[in-house]
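Data first, discussion second: the structure below is written as structure tokens.
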Amino acid sequence: MTRSDFCLLTSVFCLLPSGAAAQTWPTGPMRIVVPFAAGGSTDIMARTVAQQLAERFRQQVLVENRPGASGTIGTAFVAKSPPDGHTMMIVQSSFVSNPSLFKELPYNQSRDLTPVTNLATGPLNLTVHPSLPAKTVRQLIALAKKHPGEINYGSPGEGSVSRLACALFNQMAGIRMTHIPYKGSGAAMADLLSGQVQFYAPNLFLGLPFVRAGKLHSLGVTTPQRSPIALDLPTIAESGLPGYDVSTWFGVFVPGGTPRAVVNQLNQALGEIVKLRHLQERLARDGLTPVASTPEEFANEIARDTEKYGKVIRALGIQAQ
């Protein structure tokens, strides 16, 4: 091939439409970065998705855990990865609190990361220890107003969805309870069960068995709609705090600048995966509902949550630890 022939071919390739990138994607192994330790709910979701993607694209899909600094270490790694669609990240909804929690981040959330889809969403379960003389939302608010600062609530950490859910409850109800941070949901749940803290917001799957066994009492779920797996539990909004809305979700991101055609193809594949019957049944057992949103829908949801939780964080002066 002569030099002129090569240049001609190069010129033709550069003129190909953006969809051509998707036609050759993926070209090799893929990886899903989880910016948290192995064994948690995000890690389990990532490994489930990885298996399905590997079968669909006939490529190896590795799950890589890069925990630390409230997920910012792994997130920064993805943000700086090549924008070719071969590296992606799965996070929970607490991810959106980081721009407000940290004075500086090693990445720009809106510029360096591209939303692909919200895979699934579900409620938290606001629970109290049975020794607390408050069995409804209104009773808890009245008790907290009578005894400001005397009721303790636990959380897995400052930026966790549980912490923000409880903080938002305090803010909207005009009450003050004392926050006790733990290193993980297991420790927080253990102290709730023993009565060391009286209030906590675990995910529905974690808290429901203890509610059914009578070891905890549920005030309700945090989403605007009741959960299909616990229709007897009211929502917090209908129980005395109108407008209260907190959900936990699992979302997928790729590095900023990833070709739109690749983002669309990945979005379509993930949407089909979460609609698989056996996966839907598994999600339902965990109190989750498949979403499979478009990139635009997911971006709007991220913007809403970032603003909502940012207001709570700034009002209370919450900082990452």
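Can you go through Glu297, Glu238, Glu281, Glu272 and tell me which one is modelled with pLDDT under 95 and either out of contact with any helix residue (DSSP H, G or I) (no Cβ under 6 Å at 6 or more places or on another chain) or more than 29 Å from Val49 (Cβ to Cβ) (or both)?
Glu281
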Can you tell me which condition Leu316 does not meet? The list is (1) open to solvent by less than 10 Å² (accessible area, probe 1.4 Å); (2) among the hydrophobic types (A, V, I, L, M, F, W, C); (3) under 22 Å from Tyr200 (Cα atoms), and all the others hold. (1)
Got a sec? Which strands (runs of 3 or more DSSP E) wholly within the range 26-92 have at least 2 residues that are among the polar types (S, T, N, Q) and crowded, with 18+ Cβ neighbours inside 10 Å? 87-92
Go through the residues of the range 14-36 one by one and say whether even a single one is closer than 28 Å to Asn203 by Cβ and modelled with pLDDT under 95. yes
Which listed residue, of Pro115, Pro123, is more than 30 Å from Ser194 (Cβ to Cβ) and buried (at least 19 other Cβ atoms within 10 Å of the Cβ): Pro115
Can you tell me which condition Arg163 does not meet? The list is (1) surrounded by fewer than 20 Cβ atoms within 10 Å (Cβ to Cβ); (2) among the charged types (D, E, K, R); (3) under 16 Å from the mean Cα position of the chain (by Cα), and all the others hold. (1)
Residues in the range 205-217 that are within 10 Å of Thr127 (Cβ to Cβ), aliphatic (A, V, I, L, M) and either open to solvent by 60 Å² or more (accessible area, probe 1.4 Å) or modelled with pLDDT of 90 or more (or both) total 3
Number of positions in the range 106-163 that are assigned to a strand (DSSP E or B) and of a type in the set (Ser, Thr, Tyr): 6
Write out, first by first residue and then by second, each pair whose Cβ atoms fall under 9 Å of each other, whose residues are 6+ apart or on separate chains, and whose first residue, in the range 181-194, is free of Cβ contacts under 8 Å to residues at least 12 places away in the same chain while the second is hydroxyl-bearing (Ser, Thr, Tyr). Ala190/Tyr182
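Which members of the range 188-204 meet the condition of being touching a strand residue (DSSP E or B) at 6+ places or on another chain (Cβ under 8 Å) and open to solvent by 40 Å² or more (accessible area, probe 1.4 Å)?
If the condition is that a residue be touching a strand residue (DSSP E or B) at 6+ places or on another chain (Cβ under 8 Å) and open to solvent by 40 Å² or more (accessible area, probe 1.4 Å), then Asp191, Gln196, Asn203 are the ones that fit.
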Taking only pairs six or more apart or across chains, which ones have beta-carbon atoms under 7 Å, a first residue in the range 233-244 that is over 19 Å from Phe210 (Cβ atoms) and open to solvent by 10 Å² or more (accessible area, probe 1.4 Å), and a second residue that is part of a loop (DSSP other than H, G, I, E, B) and not hydrophobic (A, V, I, L, M, F, W, C)? Ala237/Pro224; Ala237/Gly243; Ala237/Tyr244; Ala237/Asp245; Ser239/Thr136; Gly240/Thr136
Name the pairs: first residue in the range 287-302 and under 18 Å from Met45 (Cα atoms), second residue buried (at least 16 other Cβ atoms within 10 Å of the Cβ) and charged (D, E, K, R), Cβ to Cβ under 8 Å, at least 6 apart or on different chains? Ser293/Glu301
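The values are calculated or read from the model by the stated rules, or taken from the named source; none is laboratory data. Predicted model only: the values in this text are computed from it and were never measured. In this analysis, Cβ positions are derived from the backbone assuming ideal geometry, glycine residues included, and neighbour counts consider all displayed protein chains. Note: areas computed on protein heavy atoms with side chains; ligands, DNA, RNA excluded. Shrake-Rupley method; radii C 1.70, N 1.55, O 1.52, S 1.80 Å.
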